[in-house]
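Read the figures in this text as sums done on the coordinates, not as results from a lab. Computed from a predicted structure; not experimentally measured. So basically every Cβ, Gly included, is an ideal-geometry build from the backbone, and we count neighbours across all protein chains shown.
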Ligand code: TZP
Ligand code: MG
């Protein structure tokens with residue numbers, strides 16, 4: 001599946017609880033998001049597979065790929081479009097072997113050493129961050145700011161998406177740093193109108 005990192009929504013079930021995860025994603029698609037990552041650190045695999053299948057149905061025909069955070073088995077069972085892994089989640093070659101050549105595979109990076117250690121030939125994109133400190137991810141790595149983002153995005157041969165504390169007002173700086181797109185949780189999840197919140201990025 002072709003993909004566009006321009007506006008990448010990472011979901012948070014708790015933040016979306018009031019409006020609902022599906023309704024949030026549906027509205028965000030109307031607002032122009034280009035990718036969705038289902039991220040839930042607490043849910044059981046069964047719950048996450050069921051959630052992924054519901055999101056897949058919502059995204060059908062939209063051209064917006066569904067990426068699963070961390071859990072290869074969930075990505076496989078739900079026939080999601082791809083998987084996003086962190087530095088300590090699993091070996092990239094294992095993920096690629098299991099997913100096959102067509103799945104979208106992304107990796108989080110925070111330092112130049114991590115970028116240099118990444119098997120770029122097996123990856124489709126990297127997530128770079130956190131740019132700023134954020135309460136949306138527990139125990140996140142050291143924030144890198146726009147200077148760190150620029151250093152990593154420039155050194156990177158792969159498409160990249162910036163993440164961490166980013167809002168619509170940061171688009172110009174993200175682009176100037178050389179990233180292909182912007183990934184957000186709280187700028188869309190938990191916003192009173194997720195469609196308008198997504199539109200604010202265009
Ligand atoms: N990875 C690095 S920062 C982050 C993740 C998943 C959370 C981003 O959330 P927010 O609310 O957009 O700062
Ligand atoms: Mg992870």
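The figures follow:
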| quantity | calculated |
| --- | --- |
| Residue within the stretch 25-38 that is without any contact (Cβ under 8 Å) to a residue 40 or more places away in the chain and assigned to a loop (DSSP other than H, G, I, E, B) present | no |
| Residue within the stretch 48-56 that is closer than 17 Å to residue 118 by Cβ, within 16 Å of ligand 1 (Cβ to nearest atom) and out of contact with any strand residue (DSSP E or B) (no Cβ under 6 Å at 6 or more places or on another chain) present | no |
| Residues of the stretch 66-81 classified as assigned to a loop (DSSP other than H, G, I, E, B) and either within 15 Å of ligand 2 (Cβ to nearest atom) or within 16 Å of residue 141 (Cβ to Cβ) (or both), total | 2 |
| Every residue from the stretch 6-24 that is under 17 Å from residue 104 (Cβ atoms) and surrounded by 21 or more Cβ atoms within 10 Å (Cβ to Cβ) | 7, 8, 9, 10, 11 |
| So residue 177, is it more than 21 Å from residue 16 (Cβ to Cβ) and out of contact with any helix residue (DSSP H, G or I) (no Cβ under 6 Å at 6 or more places or on another chain) | no |
| Filter result (more than 10 Å from ligand 2 (Cβ to nearest atom) and under 17 Å from the mean Cα position of the chain (by Cα)) within the stretch 82-97 | 82, 83, 92, 95 |
